[in-house]
Each structure stands twice: as structure tokens, then as C-alpha cells.
Amino acid sequence: MASQDWFDKDFYKILGVDKNVSDADLKKTYRKLARRYHPDSNPGDAAAESRFKEISEAYSVLSDPEQRNEYDELRAMGSGARFTAPGGAGGGFDDVFSRFTQQRTASPGDFDDIFSMFSGGGGGFGSGRFGQSTGGYRGFGGPQRGADVRARTTIDFTTAAKGETITLQGEDGKPFKVKIPAGVADGQKIRLRGRGRPSPDGGESGDIVVEVAVRSHPVFARDGLNVRVTVPITFTEAVFGATIEVPTLGGDPVKLRVAPGTPSGRVLRVKGRGIASSKGTGDLLAEVQVAVPSHLDDAAREALLAYREAEPKENPRAEMMAKAKQ
């Protein structure tokens, strides 16, 4: 910054402190103001950004004992007087401040020094450049957290239901193990704490986030913790009733009783034969569907024709048609 800027600006007033403020109180005040006006806390607020630059400029001078001493001498020299450069010639104002020529002019790199206190070194506000914070400075937000690493795996239906520990390959080529909990759902994410990328400035590491895709099963389907299965039955089983076998997920079949007159779509429940997880255990839901034969031999055809002649002359759709007109 130019020496004339030092004369024109009251850095003590900008920071709201007394000229005799201690280094500790100066630092405490600055950090409080930095929290309030930092661009990360005021996105898109040009006034806050300008204020932040002012207080950072003031602190960069007053926090350096040598520069603070020069600044105080300069301000004392200019007290009660106003310096101007006569007629554009040499001397005047510039001569008054010539002994401060070692004070450098601010450049983009200077902000790294101003913000070095935030990251414990010359790295700016977390990331090393103004306006690009990556996590805050010590005492305000802490060090930057490492980045998360995302992965995806596809498992079969049974593995998702029962749970299993699998091995995946990390982005660095090294294998790592993932415990798939029983009952994991399609699209669910499993987070491995602290297994992601390390922090660039001593903070905690990120996580590995594994998204799980579950392959569909040819027989079973998920319904929360319940397992659904569609069970075909014959027309005569539906009419007269029967005892049938129903498969279970990863276990022996169970026998179910189909009551006489059971319609298609009725659901028979088997308690405790669904998904067993930390959230509880579901049931097996067996939905029966009457299977229509695609081929009939002559005897069966004759029997069905005789049945058609003998069946009650009722229209099973009559009630539905009547309600549709309401």
C-alpha cells in the first residue's frame, strides 16, 4: 500500500480500537470483524466485501510491529497539517513520506500474507486466494475437511436382503471393504466415515459414500421390509380350495392353505419370512393369481363347456357397471 494511503486512512478507527490496543485485543477484534464481513458469510454483498478488505488492510499494518510503528509516526507527523505537492514539482507530499519507501505496494499476492493467519501459513483464507474460502481459519470454522469420494456397486437381491461384506476398489486402486447391512434398499447410500480424501490443512478426512444398486429378482420383490411373491393357482384350486407350496427368500418353501372360492389378487401372509434388519422383520406376502390354461384336451374342453351351461347366469360385472353410472 502507498504511504499516502496510510496518511488518509485511520486504521484504528476502521477496526474500532484505541491507538494503545494490545496485540491480543487487536487480533480478537479483527477476527470478530472478519467473521462478520467475510464474503463467504455474505455471498453477493459488495458492501460487506469492501468492508472486509478495509479491515484486512488495517489489520495487516497494525498487526506488524514495524509497520505499526511507521504508521503511528506518519500519522503523528501529519497531525494538524495538510501536505500537498507544490505545482506538480518534486518534493512536497512525496518527500515527506520518502523515508517509508520500503513499504510495498499491494498486489494480489499480498492478500495471501494478510490471510495467512486463517490457515496457519501463507495460503489465504483456507484456499490461498481471496474470496475462495475452503473451510475457514483456525478458530472460525476450523481447517478444511477432506473431500468425499463417491462409489457405486450393484448387488443381487438376496445379498441386499441378508447383508454381506464386499470388497470394492478405491480411486487409488487399493481395495477396501464395505459392510452391506441386511435390508439395504436400491439407491441407498452407505457412508464410510473418514475413509475419503485427506484434508489439505490438517482437518478431518472426507468420507467414502457408496451408492448401492440392487438387481431385481425373478420371483421376489421388496415392499418395505416385506417380500412379495406372486403365486399362480389353478381354477379348481381357487374354487375348491387347496394346500400349496410357496417359495421363501433363501429358505425352505412354506405351505399355505388356499380357501375355497379364493379370487385372484388375494394376499396370503406368512409372518416373519420377509426382510430381517435392524429396523425389524417383515413378512412374506403371497398374492394368488388364477392361471388360465392355454391348451385344453378334448375331455377338459367338454367338461368346461358343460360347466358353462350349468354355471349361474350371473353377470360378475353388473355391480361395477351400476356403480359407474352413479
(request) Would you grab the residues whose amide H sits under 5 Å from the one on Asp201? Only those 5+ places off in sequence or on another chain, please, with H modelled 1.01 Å from N. (result) Gln144
(message) From the phi angles alone, apply the Karplus equation (6.51, -1.76, 1.60; θ = phi - 60°) to the range 42-49 and give each ³J(HN,Hα) in whole Hz, x where the residue is Gly or Pro.
(response) 9, x, x, 9, 5, 5, 5, 5
(request) Give me His38, His295 ranked fewest to most by other Cβ atoms within 10 Å of their Cβ, as a rough exposure proxy. (result) His295, His38
(request) Would you pull out the residues with amide H under 5 Å of Ala147's amide H, same chain only if 5 or more places away, H placed 1.01 Å from N? (result) Arg197, Gly206
(request) State the extension gain, in nm to one decimal, for the chain segment bounded by Thr236 and Thr154, taking 0.36 nm per residue of separation less the distance between their alpha-carbons. (result) 25.3 nm
(request) Pop out the ³J(HN,Hα) list for the range 287-292 in order, Karplus 6.51 cos²θ - 1.76 cosθ + 1.60 with θ = phi - 60°, rounded to Hz; leave Gly and Pro as x. (result) 9, 8, 10, 6, 8, 8
(message) Once R0 is set to 22 Å, what does the formula 1/(1 + (r/R0)^6) return for the Cβ-Cβ distance between Val254 and Ser294, expressed as a FRET efficiency to the nearest 0.05?
(response) 0.20
(request) At 0.36 nm per residue, minus the direct Cα-Cα distance, what do Lys189 and Val21 gain on full extension? Give it in nm, one decimal, please. (result) 55.2 nm
(message) Please arrange Tyr12, Tyr307 by how many other C-beta atoms lie within 10 Å of their C-beta, fewest to most.
(response) Tyr307, Tyr12
(message) Sequence gap at least 6, Cα distance under 8 Å: using those rules, report the relative contact order of the range 212-326 to the nearest whole percent.
(response) 25 percent
(request) Per residue of the range 20-25, in order, report the coupling 6.51 cos²θ - 1.76 cosθ + 1.60 (Karplus, θ = phi - 60°) as ³J(HN,Hα) in whole Hz, putting x for Gly and Pro. (result) 8, 4, 6, 4, 5, 5
(request) Starting from the amide H of Glu164, placed 1.01 Å from N in the peptide plane, find each other amide H under 5 Å away whose residue is 5 or more places distant or on another chain. (result) Ile180
(request) Would you calculate the separation in nanometres between label points at Lys162 and Asp40, each defined as 7 Å from the Cα along the Cα-to-beta-carbon direction? (result) 4.8 nm
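Taken together, the values in this text are just the output of simple stated rules run on the coordinates, not laboratory data. Every value quoted in this text rests on a predicted model; they were computed, and no experiment measured them. As a convention, Cβ positions derive from the backbone with ideal geometry for all residues, glycine included, and neighbour counts pool all protein chains shown.
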